[in-house]
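A short worksheet on the structure shown next.
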Amino acid sequence: MSETLRGQAAIVGIATAGVGEAPGRTSIELLGEAAIAALCDAGIALSSVDGVFAATGVHGLPAMSVAEYLGLTPRYFDGTNVGGASFEVHLLQAAAALYLGLCDVALVAYGSNQRTAGGRLVSLSEPQWHETPYRLVTQSPDTRWPLRGTCTNTAPRGSISPPSPWPPESGLTATLTPLPEGRFRSKTC
Amino acid sequence: MVDRSETSGPEARFKAYLAEGRFMIQRSRSTGRYVFYPRIAAPVSGETDLEWVAASGDGTLYSITVNRTRDGNYNIALVDLVEGPRLMSRIEGVDTAPIGASVKARIAALDGEPAIVFDVAEKATR
């Protein structure tokens, strides 16, 4: 039973975006860039994605945010956030979902601009930045997305120097499909 | 000044254009489809060949509601641009307006930041 999932799914595309510093780009933009690049790597169209797995430091509803940003209507999703191990968890969830036929193409995605956004975790409140100026009654006026263009120290308070930034500033995405996946062999880009 | 550096993302570019007094939206070179809000790829279809083009500013009122507060009333509207995308905004100068009214975009300062607002177009008020 413990090996039911072994060999049942494969990572068929993987990509990063903006690793290092990415001033002027938001977390969801980095995530989106990595997602598109991973799909490109796999030769799979964005519209084929029907499983979304995501967790970030800035999205309270990460699977929803990714689906909204990329225009996806996933059949299955998971936004479990267990910190930096979220994506290993998502690999398991995705493999299980693929095995059970809950989805056919799983997108596991992450994005962070924490390094250039000021080196601190920002609010999990996530109003749509282009709608905030119109003062929806459900949002307070001080919950705008931080978007800054300068790099600042990313050391967590009390950490030793030199620190490595966490979460890493990047979009990181893997695309999984069930095996066999012959129908996805052809590269489209 | 618009930051056109390679590192600048769609959101930052849109805001920079707006600060210059320009209402710019994205359009896919291959499909001609317009995209708003600004993104790194067209939603659903995923094209990344998005270029910035000036929006006409012409739109139709799709939906509107009025928020009534102690500090005064203001409306929140959804406007369909003639280019296709639907966006949230505000119809200025009126409490509310009829669904389907023709509206015209301009850039105003909301809470000190430039934002797209709309006025009811002349032809709709006759």
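Candidates in the stretch B:91-105 are the residues that are among the charged types (D, E, K, R) and closer than 18 Å to A:Arg135 by Cβ; of these, the one that is surrounded by the fewest Cβ atoms within 10 Å (Cβ to Cβ) is B:Asp95.
Each row is one residue, and each column tells you yes or no for (1) among the polar types (S, T, N, Q); (2) more than 15 Å from A:Glu29 (Cα to Cα).
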| position | (1), (2) |
| --- | --- |
| B:Ala19 | no, yes |
| B:Met24 | no, yes |
| B:Arg39 | no, no |
| B:Asn75 | yes, yes |
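A residue that is at pLDDT 95 or above and within 12 Å of the chain's Cα centre (by Cα) occurs nowhere in the stretch B:63-75. For the stretch B:14-44, the tally of residues that are aromatic (Phe, Trp, Tyr) and in a loop (DSSP other than H, G, I, E, B) stands at 3.
It is to be established whether one or more residues within the stretch B:99-121 are under 30 Å from A:Ile36 (Cα atoms), within 16 Å of the chain's Cα centre (by Cα) and within 11 Å of chain A (Cβ to nearest Cβ). Within the stretch B:99-121 (the criterion being under 30 Å from A:Ile36 (Cα atoms), within 16 Å of the chain's Cα centre (by Cα) and within 11 Å of chain A (Cβ to nearest Cβ)), the answer is yes, since at least one residue qualifies. Exactly one residue out of B:Gly57, B:Gly32, B:Gly46 is closer than 28 Å to A:Met64 by Cβ and at pLDDT 95 or above: that is B:Gly46.
None of B:Arg29, B:Arg70, B:Arg90 is in contact (Cβ under 8 Å) with a residue 24 or more places away in the chain and basic (Lys, Arg) except B:Arg90. Considering only residues in the stretch B:7-62 that are of a type in the set (Gly, Ala, Ser) and facing another protein chain (nearest Cβ under 8 Å), the one that is nearest to B:Asp111 (Cα to Cα) turns out to be B:Ala12. The single residue among B:Asp111, B:Asp119 that is acidic (Asp, Glu) and within 11 Å of A:Tyr134 (Cβ to Cβ) turns out to be B:Asp111.
Restricted to the stretch A:1-100, the set of strands (runs of 3 or more DSSP E) holding at least 3 residues that are away from chain B (no Cβ under 13 Å), buried (at least 20 other Cβ atoms within 10 Å of the Cβ) and free of Cβ contacts under 8 Å to residues at least 40 places away in the same chain comprises A:76-78. Only residues that are within 13 Å of chain A (Cβ to nearest Cβ), touching a Phe, Trp or Tyr at 6+ places or on another chain (Cβ under 7 Å) and free of Cβ contacts under 8 Å to residues at least 40 places away in the same chain were counted across the stretch B:73-85, and they come to 3.
The values are calculated or read from the model by the stated rules, or taken from the named source; none is laboratory data. Keep in mind that this is a model prediction, so the values were computed, not measured. Here the Cβ is made from the backbone with ideal geometry for all residues, glycine too, and neighbour counts use every protein chain on show.
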